[in-house]
Every structure is written in structure tokens, then in C-alpha cells.
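*Asks:* This structure is in C-alpha cells; I'll ask about it shortly.
Each reported figure results from applying straightforward, stated rules to the coordinates on display, with no laboratory input. Bear in mind that the values here come from a model prediction, so they are computed numbers and not experimental data. Cβ placement follows ideal geometry from the backbone for every residue including glycine, while neighbour counts extend to all protein chains displayed.
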Amino acid sequence: MSRKDLILKLYEVGGIKFGEFKLKTGSISPIYIDLRVTISYPELLQEIADIMWEKVHGLDFNILCGVPYTALPIATAMSLKNKIPMVMRRKEVKDHGTKKSIEGVYKPGQKCLIVEDLVTSGSSVFETIEPLVQLDLQVSDVVVLLDREQGGRRTLSSQGYNLHSIFTMTELMDTLLDFGKIDKFKYEEINKYLNANQIKNPPMKNDNPHKTYTRRADLCTNPIAKKLLNLMDKKQSNLAIAADVTTKAELIKIADEIGPEICVLKTHIDIIEDFDQSLIEQLQFLANKHNFIFFEDRKFADIGNTVKYQYEKGIYKIADWAHIVNAHTVAGPGIIMGLKEVGLPRERALLLLAEMSSAGNLAYGSYTEKTLMMAAENKDFVIGFIAMGKLTDDPGFINFTPGVKLDKGGDTLGQQYNTPEKVIFEQGSDIIIVGRGIYQAENPTEEAKKYREAGWQAYKKRIS
Ligand code: 5BU
């Protein structure tokens, strides 16, 4: 059965409904996909299981887990036909008997494919992944029939999971319109809802007219954002070095040797053992010589009143020299207000941590969405995000992505790496942040050139 036939069949059996439906995310949707009905149509259920199996059967897994309840029969059908064992997550953990959250036989280290009917924000998938990972099963792929394009793909990807979907909501709507199942009026009404609530997958090509860094500079009011975007095109670099060294001499060496390759020097100033103000003076000299800007990765996280002092006072006097700093949003918008009081008069800029690169981090879903809203309300000072890729269609925001290496993988403490190509071209980010990939290389300067080239080529490919 083709994908189109499958959509039409689902419509015919009442699996696609129109009306007003409250989703788990809280939004009211004019369309509802109810794949539970498929258990009454064994042939259709098998078709769904087969098409999903086709999509993923070449991947590396040896056990399945369906997300309760709707996807359980789909996972079962895949398991029976392809002779692959399955485990099942209990939706309610029993308070008697075995108290198990996962039923079935499994071994730690086994690779588990997650099977889900549809993904909206991704939260149900995470509820299933978490107990599996706690039991030492390895999860890297999720297969779903429908991607509602409401953030799930991004969220999963930001946590290192690949989403494989058979069709998207856009495709489903287009098919129903093409085959006269809905009229133009209904199509537009639903599209309007979807446009307001969808987070589409980042386009492979960025067709925004403000696509180059320089054009985007025109849209920014913050002087640091303008300066950064312009210098990136001028220097042909979207590389930030994470200079995580612990002495003044090492930091100065990096700034001087790698300075010509980078747009941003990212510091953790509090790890320098012999810090004094002379370091700042030397770094400022090198920033002028090589034309890069400073980003102190301080990750402020306290109430507004405290972060003001942390930003301005103490021995580091961060506000005096760091063009950019960043903040967690866990404290609420007061943190932005506090930092702004100190930073705006000095023409400084702030990034919000909308996502993180480390495994199991909590910055996703509504946390990320609320972070975007806080940024939109403070565009004079907030110039972008720490994120795994492009988060909004607003070209005025700059996305910085850490966790970048030419070889993927991770470290032993939770860091997860993506390649420059994936981060800039596929995920639509703007700046790659690279630390150990460069400074631990045999020849850091040569390695920095490679990263700069890889990041730049990915950007050229995206805007071409
Ligand atoms: P690495 O050596 O390339 O793994 O260093 C990454 C740098 O980015 C390091 O300075 C981290 O503190 C920083 N980082 C990160 O890795 N992940 C995050 O989500 C954030 C910052 Br925010």
C-alpha cells in the first residue's frame, strides 16, 4: 500500500477526525488522529506495521518497545511478523507484585527501537525512553507513523534520538485535499491552526531572503549581534572555540594561534588558575588583532538581583570584557532583567540556554518553548540561543551549538557530539562551538582550519 492509500484508508475507517480536540500539549486542535481504531482492521494494522518496519529494518536494534497504548498492537505486529522480541512499558507501575516498569525479557546493553503511532511534542516517547535507559537498554531510534510537526522531531533530536516518520501532518492534509476528502475551506482552517502550532523540520535549504549572516545583521538591533554576523561573513568563519584550558598562558596561546580561524572565543574564565586582569588586557589585544568576540560561558542561573552582581563584580568583572554571556531560564524572566540592567548600557548581549548537548538534560519541550518566548520579549539584549539547531524562524536570533566534533560520539560524562555538517546544514544552527575536538588535537591550528572549513561549507550549502 502506498503512503497516500494508507492515509485514505485511515480516513475511511475513522482514524482522522475533525472537530475540536484538546491535545496532551494543551492546545485545541481542529484535527485528531486516532490510530486506536486500527485494531479493528487487522489488514490495515499489518500494513501500518509493515510500512514502519520497512522504514527502519536496516537500523541497528535487536528489541522493540511500543509506547502504550496505541502503538502496542503496531509493535506487536512488527514483532510477530519479523521474529524480533519486544518489551512493553507499563503505563502505571504496579504497587504490588513485581513492581516492574518494563515487562518482558531483556539484557542490559540491548539496542531498543521505540515504536509510536504519532509524535506531537515528543513527551510520550520520552516517558517510554526514560525507564528503558534507566535499565541500561540503548535507545537511538524512534519510528512513528505520523509526525504532527509540533516540535517532537526537534526535541528528540536535541536529546540524541533519531525520529523516522512515515508521513507528516502536511502530507496528510495535502492528500485529503487532493482526493476531495476535505474542501479548501476546511483545509485552510486546519492549516491555519497547524501554522500557528507547528514546528516544521528545518528546511534543507534556507529560502528566507535574509539568509546570509550579513543580511541577518540588518535585522538585529543589538550592536554585538550585528558585529558578530558581519564579522562571520567577512572572516568566513562560523567557528567558536571553547578554550577550556586552565592557565593564562594556554588561553593566550589559543587566542593568538587559533584567533584567525574563529568568530568567537568562548571562555570559562573561572577555570583559569592564575587569573588576573593582565589576562583580559592581552586577550583584548588579540581580539582586536584577529577580529573575534568574547563569549563567557558563565551560565547564570540565579535571581535577577544576584546575577547583576555576578555579572559586574567579583574578581572577573565579566561585564567589563565579555561581549556575550549566557543564562539559564530556570529562574524566570527576572534573570534577563537583572543582566540587562548591567549589560545593555555597556552594549553587551545575552544568549539563553534553550537546549543543551548533554545526555538526559531537562531543557526541552515547554522549557525550550518558554525560553523562546522570553527571548522574543527581550530582543534588544537577547541575541540568540544555545541550542542544538535553529529554533525559530526569526532570522534575528543567532543559534550557537556546542557538542560538535568531526567524528560523532561522546565523552564519558554525558557530552554528545554531532558533526559540523549536521549542526549547520541539517539542524540550521549558525555557530559551531568546538572544544576538545580542536585543543586536544595534535596540531590545534590545523584542526581549527578543518572545523572552520567544515562549518563554512555547511553554511554555504545551506544558503545556496
Ligand atoms: P567540547 O570539548 O567540544 O565537548 O566542549 C564543549 C564546550 O561547550 C564546553 O565548554 C562546555 O562547557 C560547553 N557546553 C556544552 O558542551 N554543552 C552545552 O549544552 C552548553 C555548553 Br550550554
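*Asks:* Would you work out which of 239, 219, 133 lies farthest towards the positive end of the dipole of the chain, given +1 charges on the beta-carbon of Lys and Arg and -1 on that of Asp and Glu, about the Cα centre?
*Replies:* Going by the Cα projections, it comes out as 219.
*Asks:* Can you give me the distance in nm between label points at residue 40 and residue 393, each placed 7 Å from the Cα along the Cα-to-Cβ direction?
*Replies:* Simple spin-label model gives 3.8 nm for this pair.
*Asks:* On to the next question. Please state the shape class of the stretch 213-463: rounded when a/c is under 1.5, otherwise prolate if a/b exceeds b/c and oblate if not, all from the C-alpha gyration tensor.
*Replies:* rounded
*Asks:* Please give the Cα centre distance for the stretch 287-364 versus the stretch 116-165, rounded to the nearest Å.
*Replies:* Between the Cα centres of the stretch 287-364 and the stretch 116-165 lies a distance of 31 Å.
*Asks:* Something else about it: Restricting to the stretch 377-453, what percent of DSSP beta bridges are antiparallel, rounded to 5?
*Replies:* In the stretch 377-453, approximately 25 percent of DSSP beta bridges are antiparallel ones.
*Asks:* Separate question: Could you check the spin-label model distance between residue 178 and residue 81? Points 7 Å from the Cα along Cα→Cβ, value in nm.
*Replies:* 2.3 nm
*Asks:* Based on other C-beta atoms within 10 Å, arrange 405, 370 from fewest to most.
*Replies:* Listing 405, 370 from fewest to most nearby Cβ atoms yields 370, 405.
*Asks:* If packing is taken as the mean number of other Cβ atoms within 10 Å per residue, what is the order of 243-254, 100-111, 345-356, highest first?
*Replies:* Values: 243-254: 17.4, 100-111: 13.5, 345-356: 21.6.
Highest mean packing first, the order is 345-356, 243-254, 100-111.
*Asks:* Helix 184-197 versus the longest principal axis of the chain: what is the Cα-based angle in degrees, 0 to 90, to the nearest 10?
*Replies:* Tilt of helix 184-197: around 40 degrees.
*Asks:* What is the count of Lys pairs in the stretch 238-320 whose alpha carbons sit under 25 Å apart, if the two are 8 or more places apart or on different chains?
*Replies:* Final tally of qualifying lysine pairs is 19.
*Asks:* Within straight cross-link reach of residue 181, meaning Cα distance under 20 Å, which lysines are found once same-chain residues fewer than 8 apart are removed?
*Replies:* Here the lysines satisfying the reach criterion relative to residue 181 are 4, 9, 17, 192.
*Asks:* Let me ask something else. So how strong a dipole does the chain carry about its Cα centre when Lys and Arg Cβ are +1 and Asp and Glu Cβ are -1, to the nearest 20 debye?
*Replies:* That gives the chain a dipole magnitude of about 440 debye.
*Asks:* In terms of Cα to Cα distance under 12 Å, which aspartates and glutamates are near enough to residue 340, apart from those fewer than 8 places away along the same chain?
*Replies:* Answer for residue 340, where 12 Å is the Cα cut-off: 312, 380, listed by chain and number.
*Asks:* Right, something else. Taking the Cα centre of the stretch 218-321 as origin and charging only Cβ (+1 Lys, Arg; -1 Asp, Glu), how large is the dipole, in debye to the nearest 20?
*Replies:* Working: 13 positive and 17 negative charges, 82 e Å.
Result for the stretch 218-321 is approximately 400 debye, rounded to the nearest 20.
*Asks:* Just the number, please: percent antiparallel of the DSSP beta bridges in the stretch 213-463, rounded to the nearest 5.
*Replies:* Details: 3 of 30 bridges.
Around 10 percent of the beta bridges assigned by DSSP in the stretch 213-463 are antiparallel ones.
*Asks:* In addition: Sum -39500 (n - 2.57) across every DSSP H segment of at least 4 residues in the chain, then divide by the residue count to get the 222 nm mean residue ellipticity, nearest 500. Could the numbers behind the result be given before it?
*Replies:* Numbers: 17 runs with 181 residues, N = 464.
Using -39500 (n - 2.57) per qualifying helix, the result is -11500 deg cm²/dmol.
*Asks:* Under 15 Å between alpha carbons, and skipping anything fewer than 8 positions from residue 370 in its own chain: which aspartates and glutamates qualify?
*Replies:* Candidates past the 8-residue exclusion: 355.
*Asks:* Using only Cα atoms, find the angle between the long axis of helix 42-56 and the longest principal axis of the chain, and express it within 0 to 90 degrees, rounded to the nearest 10.
*Replies:* 30 degrees
*Asks:* For a quick check: with amide H placed at 1.01 Å from N, whose amide H comes under 5 Å from residue 29's, ignoring anything fewer than 5 positions away on the same chain?
*Replies:* 21, 22, 23
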